[in-house]
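S.K.: Okay, here's the structure, questions in a sec.
The values are calculated or read from the model by the stated rules, or taken from the named source; none is laboratory data. Since the model is a prediction, treat every value here as computed from it, not as a measurement. Please note: Cβ atoms are built from the backbone with ideal geometry, for glycine as well, and neighbour counts cover all protein chains shown.
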Amino acid sequence: MNKRHRLITTSAVLAFAILACGGIDLPSIGGNDEPEFAPILEGPASDDPNEPVYITGTIPFTSPFFLDGNAEPFVLLEDQAGFVARDREYVFPLEGQAIGPVELIDESTLSFSLALPAVPQGTLLDVDQDGEEDRGVMIFQVAYWSNTWGGPFLEERDGRGWSGAYTTAIVDGERDGEIEGGHLMIWAPDDQQMFPSGFGADNMLFTEDDPLQAVPAGYNIVDLNQDPFLVYKEAQPQFELLEGSGAVKDYIDLSYEEAFDRMFEQVSVEYPFTAEKNLDWQAIYDEFAPRVADANNDNDFYRALRDFTYAIPDAHVFVSFNPDVFFEEQGGSFGLVLKELSDGRVIVTQVLPGTTGSQEGILVGAEIIEWDGQAVSLALDNVDPYLGPYSTEHARRQGQAVFLTRYPPNTQIQISYQNPGESETTASLTADIEYDTLFESIPSLTLDELALPVTGEILDESGLGYIQVTTFSDDYNLMARVWDRYIQNLIDNEIPGLIIDLRINGGGSSGLAGDFLGYFFEEEFVAYQRAYYNDDSGKFEYTPFPTRVQPGPLFYDGDIAVLVGPDCASACEGFAYSLASTGRATIIGHFPSGGLFGEVGQGQYTMPGDYSMQFPTGRPEDDNGDVVIEGVGVVPDIVVPVTEDSALGIMDAVLQAAIDALSN
């Protein structure tokens, strides 16, 4: 499971509560004692018809990432022993958890239900701060989870600590995950236990200055939004789980100018690479605010937003696609797919039948010499790739080769080209309406739609293992089981080396990528840390939980080569970087990875015209405080030239270089 914006580290365990009888006194947590799991106990007798027994509700979501990979979602009666102790390493005991089903009821809402166990088996927490040992109460929030690893319940790699989003509580990420409102569920073994009635002067829950109140035995709902806290019973309460900081900032009902100003005000302070990318936010505003003000319709507004994103050289910055504008500006092409070689030549790698390029007689392998009156290299320099912006120049150059051939429909140009074995020819081409060459030029669109996201084989001649991972954003549970199986087979068959192909991988869950990495390490290490802008302090501050890689259940000790390229992006790059920075793998590719690594979960916007926008907010740094990956990418140890044979697909030169490196 990789629940976004959850204030956790990297692992947890959950399951149904086990119900039984027995008159056993329970250990409690008080002072600085470590939490202890409560043995099975007998509940207090109650004839109260309002005693809580069944919770239902909804989980509204706006984040575009919310459903990514969540194959086995549920709600959990989540033990808050971790929060009370402010222990982000707290592991939810398997035996102490109760879960309930969720169901998608429309495109932005889940429903859930949770049958409360007659006697929960959570952790008794002595929170009255009186220095005496009391039995205490169990404290829960209802939270959304999804299973990735192991059996039907969550195991240690799925999450620790406490939830910060999609819960009944309001959790402040800028205050290290402090609970500051919402609702909690508590359970008391008798009517002699105390619970806070307010946050106290320090505005923090479960600290020494909390005012106290007695609570009835059994289940109680605590409304933290009331002062004092309202403690009550309701047999079948209904809750709406709160999305938290990952919620999309919705400006769709504002005017163009109001929405742009609201978005700009936030982005200009939260964007994490202002210095590295030499951004002058005032100059950017002065350029685009007048265009927004002059927009007469959604398409005008879209063009202003799109060009605004182009001013920020970061491939994680984007505005959603407008097909009408694209058709008008770039809907025409000539049936040609081009590739620039390492020696500077530009050749045709595909000619689609029935297109103007095919009718002209241009052949696969033809060299383009001039394009629309310019030397082809200069023509490439002048292309503004439509699907920008880009974080790195090498990725932008790939985009320029893709969009060199795209024009408004019916545009006429002249080119000079030379077919293999022939002399140079000049031709006049007319741009037909066609998109197939665009699809053929974007690697992620060429993948087999029926292929699994993780595939592997043993390469016959070399005896090396080969695993291709095309995303970290598919069915997490499926990917985890397939990955685990492949690694087990590598170990069982004593395969001496492994090639991991990440050349087409748009990223996804950094948590899942980190779990995959754990299979190659015997000791835990910190891969990087992230900083976010804090509205209270007015500066970027590190989260209290750096990204760590922890050893997995299996360890593969063979040599590793990782294949990268500009289409390895985001979480894919974090995976490759962790192997490269530790010296665990050799990185091989024609080019570095894409170089986009700002965290984007909290930078989602909906604008008038129903346009979605995204901006990074998280700044990744190493232990020296230097930005990692962004603007550079993961640089190959072995750079493989782009030749005619590799561009035409006659040979996979990058794969062959990896085979050679591991075989030697």
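S.K.: Return the residue satisfying two criteria in turn: it lies in segment 54-72 and is modelled with pLDDT under 95 and of a type in the set (Gly, Ala, Ser), and of such residues it is surrounded by the most Cβ atoms within 10 Å (Cβ to Cβ).
M.R.: Gly69
S.K.: I'm checking my understanding of the structure. Among residues of segment 144-175 that are within 21 Å of Tyr476 (Cβ to Cβ) and free of Cβ contacts under 8 Å to residues at least 40 places away in the same chain, which one is nearest to the chain's Cα centre (by Cα)?
M.R.: Residue satisfying both the conditions and the ranking: Gly150.
S.K.: Return yes when Val376 is of a type in the set (Val, Ile, Thr) and either modelled with pLDDT under 95 or buried (at least 18 other Cβ atoms within 10 Å of the Cβ) (or both) and no when it is not.
M.R.: On the way: of a type in the set (Val, Ile, Thr): yes; either modelled with pLDDT under 95 or buried (at least 18 other Cβ atoms within 10 Å of the Cβ) (or both): yes.
Yes: the conditions hold for Val376.
S.K.: Moving on to the next point. Right, Phe92: over 22 Å from the mean Cα position of the chain (by Cα) and farther than 19 Å from Asn220 by Cα or not?
M.R.: Yes; evaluated as a whole, the condition is true for this residue.
S.K.: Does Gln400 satisfy the criteria of being polar (S, T, N, Q), without any contact (Cβ under 8 Å) to a residue 60 or more places away in the chain and closer than 22 Å to Ala569 by Cβ?
M.R.: Details: polar (S, T, N, Q): yes; without any contact (Cβ under 8 Å) to a residue 60 or more places away in the chain: yes; closer than 22 Å to Ala569 by Cβ: yes.
So Gln400 fits the description; yes.
S.K.: Among the listed residues Thr471, Thr446, identify the single one that is within 25 Å of Asp652 (Cβ to Cβ) and crowded, with 16+ Cβ neighbours inside 10 Å. Let's see the steps before the verdict.
M.R.: Values: Thr446 fails: crowded, with 16+ Cβ neighbours inside 10 Å.
From the options Thr471, Thr446, the qualifying one is Thr471.
The rows are residues; the columns are (1) within 26 Å of the chain's Cα centre (by Cα); (2) among the acidic types (Asp, Glu); (3) not in a helix (DSSP H, G or I).
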site	(1), (2), (3)
Asp253	no, yes, yes
Arg262	yes, no, no
Phe273	yes, no, yes
Gln282	no, no, no
Arg291	no, no, no
Pro313	yes, no, yes
Ser342	no, no, yes
Ile347	no, no, yes
Pro353	no, no, yes
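S.K.: Given the residues Val222, Val215, which is the only one that is among the aliphatic types (A, V, I, L, M), free of Cβ contacts under 8 Å to residues at least 40 places away in the same chain and in the same structural domain as Gly136 (by TED's automatic domain parsing)? Talk me through it step by step, then tell me what you get.
M.R.: Values: Val215 fails: free of Cβ contacts under 8 Å to residues at least 40 places away in the same chain.
Within the list Val222, Val215, the selection yields Val222.
S.K.: Only one residue in Gly603, Gly574 is in contact (Cβ under 8 Å) with a residue 60 or more places away in the chain, under 20 Å from Lys249 (Cβ atoms) and buried (at least 18 other Cβ atoms within 10 Å of the Cβ). Which one? Can you show your working first?
M.R.: Working: Gly574 fails: under 20 Å from Lys249 (Cβ atoms).
Residue meeting the stated conditions: Gly603.
S.K.: Being assigned to a strand (DSSP E or B), surrounded by fewer than 19 Cβ atoms within 10 Å (Cβ to Cβ) and assigned by TED's automatic domain parsing to the domain that holds Val639: is that true of Glu522 here? First the steps, then the outcome.
M.R.: Values: assigned to a strand (DSSP E or B): no; surrounded by fewer than 19 Cβ atoms within 10 Å (Cβ to Cβ): yes; assigned by TED's automatic domain parsing to the domain that holds Val639: yes.
No: the conditions fail for Glu522.
S.K.: Hey, Glu156 hits all of (1) at pLDDT 95 or above; (2) surrounded by fewer than 21 Cβ atoms within 10 Å (Cβ to Cβ); (3) farther than 27 Å from Met613 by Cβ but one; which does it fall short on?
M.R.: Tallying (1) at pLDDT 95 or above; (2) surrounded by fewer than 21 Cβ atoms within 10 Å (Cβ to Cβ); (3) farther than 27 Å from Met613 by Cβ, Glu156 fails exactly one: (1).
S.K.: So, in segment 619-664, of the ones that are free of Cβ contacts under 8 Å to residues at least 12 places away in the same chain and of a type in the set (D, E, K, R), which residue ends up surrounded by the most Cβ atoms within 10 Å (Cβ to Cβ)? Break it down into steps so the answer makes sense when it comes.
M.R.: Kept after step one, since they are free of Cβ contacts under 8 Å to residues at least 12 places away in the same chain, are these residues of segment 619-664: 624-626, 645, 650-652, 656, 660, 664.
With of a type in the set (D, E, K, R) added as a condition, the list becomes 626, 645, 652, 660.
Details: Asp626: 9, Asp645: 11, Asp652: 16, Asp660: 13.
My answer is Asp652.
S.K.: Here is a follow-up. Within the bounds of segment 65-82, is there any residue that is β-branched (Val, Ile, Thr) and assigned to a loop (DSSP other than H, G, I, E, B)? Steps first, answer last, please.
M.R.: In the first step, residues of segment 65-82 are kept if they are β-branched (Val, Ile, Thr); the result is 75.
From the residues that got through so far, the ones that are assigned to a loop (DSSP other than H, G, I, E, B) too are none.
Within segment 65-82, not a single residue is β-branched (Val, Ile, Thr) and assigned to a loop (DSSP other than H, G, I, E, B).
S.K.: If you go through segment 355-397, how many residues are more than 30 Å from Ile629 (Cβ to Cβ), in contact (Cβ under 8 Å) with a residue 12 or more places away in the chain and not in a loop (DSSP other than H, G, I, E, B)?
M.R.: Initial filter on segment 355-397 (more than 30 Å from Ile629 (Cβ to Cβ)): 355-376, 378-379.
Filter once more, keeping what is in contact (Cβ under 8 Å) with a residue 12 or more places away in the chain: 355-358, 360-373, 376, 379.
So of that shortlist, the ones also not in a loop (DSSP other than H, G, I, E, B) come out as 356-358, 360, 367-371, 376, 379.
Residues meeting the conditions: 11.
S.K.: Among the candidates Phe206, Phe153, Phe140, which residue alone is among the aromatic types (Phe, Trp, Tyr), closer than 30 Å to Lys539 by Cβ and not assigned by TED's automatic domain parsing to the domain that holds Gln550? Show your work before the answer.
M.R.: On the way: Phe153 fails: closer than 30 Å to Lys539 by Cβ; Phe140 fails: closer than 30 Å to Lys539 by Cβ.
Result: Phe206 is the single residue among Phe206, Phe153, Phe140 that is among the aromatic types (Phe, Trp, Tyr), closer than 30 Å to Lys539 by Cβ and not assigned by TED's automatic domain parsing to the domain that holds Gln550.
S.K.: Limited to segment 578-603, what total is found for residues that are modelled with pLDDT under 95 and among the hydroxyl-bearing types (Ser, Thr, Tyr)?
M.R.: So in segment 578-603, the residues modelled with pLDDT under 95 come out as 601-602.
Within this subset, residues satisfying the condition of being among the hydroxyl-bearing types (Ser, Thr, Tyr) are none.
Number satisfying all stated conditions: 0.
S.K.: For segment 408-438, give me each residue that is under 38 Å from the mean Cα position of the chain (by Cα) and over 17 Å from Ser358 (Cβ atoms).
M.R.: Selection gives Pro408, Pro409.
S.K.: Given (1) crowded, with 16+ Cβ neighbours inside 10 Å; (2) out of contact with any strand residue (DSSP E or B) (no Cβ under 9 Å at 6 or more places or on another chain); (3) closer than 29 Å to Pro420 by Cβ, identify the lone condition not met by Tyr386.
M.R.: All conditions pass for Tyr386, except number (3).
Residue by residue, here is whether (1) closer than 30 Å to Thr617 by Cα; (2) touching a residue at least 12 places away in the same chain (Cβ under 8 Å); (3) among the hydroxyl-bearing types (Ser, Thr, Tyr) holds:
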| residue | (1), (2), (3) |
| --- | --- |
| Val142 | yes, yes, no |
| Gly177 | yes, yes, no |
| Met185 | no, yes, no |
| Asp209 | no, no, no |
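S.K.: Separate question: Take segment 469-508 and flag every residue that is basic (Lys, Arg) and touching a Cys at 6+ places or on another chain (Cβ under 8 Å). Even if it seems obvious, please write down each step before you answer.
M.R.: Pass one, segment 469-508, residues basic (Lys, Arg): 481, 485, 503.
Arg503 - this is the single residue of segment 469-508 that is basic (Lys, Arg) and touching a Cys at 6+ places or on another chain (Cβ under 8 Å).
S.K.: Okay, next question. Could you say whether any residue in segment 396-403 is over 30 Å from Asn489 (Cβ atoms), among the aliphatic types (A, V, I, L, M) and modelled with pLDDT under 95? Give the steps one after another, and end with the answer.
M.R.: Here is the first cut: in segment 396-403, the ones over 30 Å from Asn489 (Cβ atoms) are 396-403.
With among the aliphatic types (A, V, I, L, M) added as a condition, the list becomes 401-402.
Now restrict to residues that are modelled with pLDDT under 95: none.
The answer is no; no qualifying residue exists.
S.K.: Now for a separate question. Please indicate, with yes or no, whether at least one residue in segment 255-271 is surrounded by 15 or more Cβ atoms within 10 Å (Cβ to Cβ), under 27 Å from Ile179 (Cβ atoms), assigned by TED's automatic domain parsing to the domain that holds Phe65 and touching a Phe, Trp or Tyr at 6+ places or on another chain (Cβ under 6 Å).
M.R.: No, that holds for no residue.
S.K.: Go through segment 537-577 and report how many residues are farther than 21 Å from Pro272 by Cα and among the polar types (S, T, N, Q).
M.R.: 1
S.K.: Follow-up. Tally the residues that are within 26 Å of Gly463 (Cα to Cα), touching a Pro at 6+ places or on another chain (Cβ under 8 Å) and crowded, with 17+ Cβ neighbours inside 10 Å, restricting the search to segment 525-564.
M.R.: So the count comes out to 1.
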